[in-house]
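Report on the structure given below.
The values are calculated or read from the model by the stated rules, or taken from the named source; none is laboratory data. Since the structure is predicted, the reported quantities are computational estimates derived from the model, not experimental observations. Note: ideal-geometry Cβ built from the backbone for every residue, glycine included; neighbour counts use all protein chains shown. These area figures cover heavy atoms from the full protein model, side chains too; ligands, DNA and RNA do not enter into them. Shrake-Rupley method; radii C 1.70, N 1.55, O 1.52, S 1.80 Å.
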Amino acid sequence: MTVRVLCAGDIHIGRQTSKTHQQYRTADAWTAIVDLALREQVDLVVISGDMIDKVGKSYESRGPLAAGLQRLKDAAIDVVAVTGNHDHDVLASIAGQPGFEHLRLLGIGEKWEQFTLRRDGVDVLHVLGWSFAHEHVDVSPLPTVPHIERDDLPVLGLLHAEVDVASSRYAPASLSHFRGHDVDFWLLGHIHKPWHYVGNNVLYPGSPYAMDPGEPGVHGAWMLTLDYGKAPDVTLIPLSPVEYRTVVIDVSGLTDEVHFGNIVHDALTRDAEATTAQHDERLRELSIRIHVVGESTDHANVDRWLSRFQQDTDFSASRLPMVIDKVSNSVRPPMQLRELAAGNGPAAELASLILALEQETLPDPYADFVGELVGDLNQVSDHSNFSQLRDPDSPLDLAPAAVRTMVRDRSWALLSALIGTRDDAR
């Protein structure tokens, strides 16, 4: 028998979008999921944790949740969930209470629990789930998955966890370990970016509404079709009214500020038109980060022109309003790096560093330099003195690949300044 399951996670009821003209409530994301479930007449709705945000545990968050549950109950659509690090306490406390009886939480107390879905008096699906009991979980729950006595029914695993991050405090789980259990499909929570590990039948549905620039791309809920003996089929159904995007624009060959503005404006218009053509009427707004690249003898003016473009432009493209959230500049002066690296002095050292950083495998001693820098930056970032400087909407990425890119970009900026000084002196 075919079973259709609507999958979502990390709704975070109680939050709102940021870096947008209009704020969109995550409570409306839950309503959109319920609407979709009713429209598609699914067999089951499953949520992989963090239904309620840790800063939104008031009754204003619980009201929309209860209203949606009642609508699903009236339609005889079951709702199964696990808790995550944000809602481990509040969901466990309200499950089974008046207004929340229809919410079936699995694995309370950090112990695996199985639920069997029945339709017309017949068992059609097993769901195996595990819930957070504390904000932090330092070990993987996967070694404690119980043995499953298989029958002819598909099995869906439900877990809030972070994959392949050994140091994670949010139920660190190795991707390879998901294959060691007799589960047909795993639905995970915690990561807000949708991610489907196709070969492993593991899915992060992501947040149904994109909430900040750290959640780019298309967001929504996923329709999972399970049928014993057949490969699981899963499809993303867009729901988010806002999409966060980074638009990379090559401004090589620019002649002056007017030309620069025209290049950027035309590129944004093309991107907006292409984006709207791919989506239905649910999309209401774009939040854009502009990154300009290329080579130009006017590289020293680009920062000023870019800032002025952002401040002076009331930009709208196609049918969608657009907010320009942030701009960044990697435009460089025309130069031959290898010729510079063959010389002496600071410019030669920077050119050599950039050439090394742009190789696929970082050679020694540059690899040691980047490794030490990663450690130093993480130590500084974790220090309490800098806690007020952290931007929750733009968390600092200090992974080795990100630090390597940071060093390369700053080296280019410094080299460009040095070359500009040389040119000015002539």
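When the helices in the chain are scored as -39500 (n - 2.57) per DSSP H run of 4 or longer and the sum is shared across all residues, what 222 nm value do you end up with, to the nearest 500 deg cm²/dmol?
For the chain, the value works out to -10000 deg cm²/dmol.
Could you work out how far helix 366-382 tilts from the main Cα principal axis of the chain, as a 0 to 90 degree angle to the nearest 10?
Approximately 60 degrees, to the nearest 10.
Please pull out the direction-averaged projected area of region 172-297, using the convex hull of its alpha-carbon atoms, in nm² to one decimal place.
Averaged projected area of region 172-297's Cα convex hull equals 10.8 nm².
With all protein chains present and a 1.4 Å probe, how do I108, I237 order by accessible area, largest first?
I108, I237
How much FRET efficiency would the formula 1/(1 + (r/R0)^6) give for S381 and S328, where r is the Cβ-Cβ distance and R0 is 30 Å, rounded to 0.05?
In this case the efficiency is close to 0.90.
Taking N as the number of residues in region 271-373, what is its alpha-carbon radius of gyration divided by 2.2 N^0.38 Å?
Dividing the Cα Rg of region 271-373 by 2.2 N^0.38 Å gives 1.54.
Using a Gaussian network model of the chain whose springs link C-alpha atoms within less than 10 Å, name the residue from P363, P194, P232 with the highest mean-square fluctuation.
Top of the fluctuation ranking is P363.
7 Å from Cα along Cα→Cβ at both L175 and D138: what's the point-to-point distance in nm?
2.7
Starting from the Kirkwood radius over alpha-carbon pairs of region 117-190, derive D by Stokes-Einstein at 37 °C in a medium of 0.692 mPa s and give it in µm² s⁻¹.
247
What does the accessible area of H259 come to, in Å² to the nearest 10, when a probe of 1.4 Å is used?
About 60 Å², rounded to the nearest 10.
In whole Å, how far is the Cα centre of region 327-358 from that of region 206-277?
Taking the Cα centre of each part, region 327-358 and region 206-277 sit 32 Å apart.
S168: net charge of surrounding residues, Cβ under 14 Å, Lys/Arg +1, Asp/Glu -1, itself excluded?
-3
For S131, S252, give me the order by solvent-accessible area with a 1.4 Å probe, most accessible first, ignoring ligands, DNA and RNA.
S252, S131
At a 1.4 Å probe radius, carbon and sulfur cover how many percent of the accessible area of the chain?
Carbon with sulfur: 49 percent of the solvent-accessible area.
Just to verify a number: FRET efficiency for Q278 and V55, C-beta to C-beta distance, R0 = 41 Å, to 0.05?
The pair Q278/V55 has a calculated efficiency of 0.80.
Per-residue accessible area for R118 at 1.4 Å probe radius, Å² rounded to 10?
R118 has an accessible surface of roughly 120 Å² with all protein chains in place.
Working out 0.36 nm times the residue gap between F369 and Q311, then minus their Cα-Cα distance, what length gain in nm do you get to one decimal?
Contour length minus the Cα-Cα distance gives 17.1 nm.
Which value, to two decimals, describes the C-alpha radius of gyration of region 21-123 once divided by 2.2 N^0.38 Å?
Working it through for region 21-123, the quotient is 1.08.
Kindly state, to the nearest 0.05, the FRET efficiency for T405 paired with K230, given R0 = 45 Å and r defined as their beta-carbon distance.
The computed FRET efficiency comes out at 0.60.
Round to the nearest 10 and report in Å² the accessible area of M322, as given by a 1.4 Å probe over the protein chains' heavy atoms.
Looks like 10 Å² after rounding.
Within a Cβ distance under 12 Å of T144, other residues only, what is the Lys/Arg minus Asp/Glu net charge?
Here the count lands on -1.
Can you say what percent of the DSSP beta bridges in the chain, counting only those with both residues inside, are antiparallel? Round to 5.
Within the chain, antiparallel bridges account for around 35 percent of the total.
In whole angstrom, how long is each semi-axis of the equivalent ellipsoid of region 148-204, when you take the square root of 5 times every eigenvalue of its Cα gyration tensor and sort them from largest down?
Three semi-axes, in Å: 21, 12, 10.
Got a sec? What order do D312, D182, D212 fall in by accessible area at 1.4 Å, biggest, i.e. largest, first?
Final ranking, largest accessible area leading: D312, D182, D212.
What is the magnitude of the charge dipole of the chain about its Cα centre, with +1 placed on the Cβ of each Lys and Arg, -1 on the Cβ of each Asp and Glu, and no other charges, expressed in debye to the nearest 20?
480
Evaluate the Debye formula for region 61-212 with equal point scatterers sitting on the alpha carbons, no solvent, and hand back log10 of I(q)/I(0) at q = 0.09, 0.17 Å⁻¹, in q order, two decimals.
-0.29, -1.08
What area, in nm² and to one decimal, does the C-alpha convex hull of the chain cast on average over all directions?
For the Cα atoms of the chain, the hull's average projected area reads 24.4 nm².
Among all the lysines, which ones have a C-alpha under 21 Å from K193's C-alpha, if same-chain residues fewer than 8 places away are not counted?
Straight-line reach from K193, under 21 Å: K19, K54, K326.
Send over a whole-number figure in Å² for the accessible area per residue of the chain, probe 1.4 Å.
Ligands and nucleic acids excluded, the result is 48 Å² per residue.
Picking from V46, L377, W412, whose Cα lies most toward the positive end of the charge dipole for the chain (charges on Cβ: Lys, Arg +1; Asp, Glu -1)?
With unit charges placed on the Cβ atoms, the residue in question is V46.
So in region 219-312, what percent of DSSP beta bridges are antiparallel if you round to the nearest 5?
Expressed as a percentage, antiparallel bridges in region 219-312 total about 40.
By how many nm would the segment from H291 to N344 lengthen if fully extended, with 0.36 nm per residue of separation less the alpha-carbon distance?
Fully extending the segment from H291 to N344 adds 15.9 nm.
Got a sec? Charge dipole of region 222-278, +1 on Cβ for Lys and Arg, -1 for Asp and Glu; which of T269, P232, T255 is way out at the positive end?
P232
When DSSP assigns beta bridges and you keep just the ones with both residues in region 68-215, what percent turn out antiparallel, to the nearest 5?
Expressed as a percentage, antiparallel bridges in region 68-215 total about 35.
From a point 7 Å beyond the Cα of R71 in the direction of its Cβ, which residues of region 228-251 have a backbone N at a distance under 19 Å?
Flagged as within label range: 237-242.
Expected output is a single nm value to one decimal: the length gained when fully extending between R304 and D152, i.e. 0.36 nm times separation in residues minus the C-alpha distance. What is it?
Contour length minus Cα-Cα distance gives 48.2 nm.
Could you tally the net charge around V331, taking each other residue with its Cβ under 10 Å from the Cβ of V331, Lys/Arg +1 and Asp/Glu -1?
Combined, the nearby Lys, Arg, Asp and Glu give -3.
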